[in-house]
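Reviewing the structure listed below.
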Amino acid sequence: MNINRLKEIREDRDLLQKEVAQALKIKQQQYSEYEIGKRMIPINYLSELALFYNTSTDYLLGLTNERKPYPRVKD
């Protein structure tokens, strides 16, 4: 995972780690460990972050430089 992406996208939106952690319903310390690469981010938080930032998980993982999210799958 491109750990720099988490920090970059958060800072681009002028958010604090605490604010992102609150959106995920986790502690700031836990989120900080994801952002610095100390802990692997669980897939459920990764998908929540993609929705939160309106981007794709591929972008957050560093697999693409395209920030635009993919079209949503209809149920």
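All other residues whose Cβ lies under 12 angstrom from that of Tyr34 are scored, Lys and Arg at +1 and Asp and Glu at -1, for a net of +3. Of the residues Asn44, Gln17, Asn4, the one whose Cα sits farthest toward the positive end of the charge dipole of the chain, with +1 on the Cβ of Lys and Arg and -1 on the Cβ of Asp and Glu, is Asn44. For the chain, the carbon plus sulfur part of the accessible surface works out to 49%, probe radius 1.4 Å.
Just the accessible area per residue of the chain, please: how many Å² with a 1.4 Å probe?
Result: 71 Å² per residue.
Report summary: the helix-based calculation at 222 nm, which adds -39500 (n - 2.57) for every DSSP H run with n ≥ 4 and divides by the residues of the chain, gives -15500 deg cm²/dmol.
Once all protein chains are placed together, Leu51 keeps about 110 Å² accessible to a 1.4 angstrom probe.
The values are calculated or read from the model by the stated rules, or taken from the named source; none is laboratory data. Predicted model only: the values in this text are computed from it and were never measured. Glycine also receives a Cβ, built like all others from the backbone with ideal geometry; neighbour counts cover every protein chain displayed. For accessibility, only protein heavy atoms count, side chains too; no ligands or nucleic acids. Shrake-Rupley method; radii C 1.70, N 1.55, O 1.52, S 1.80 Å.
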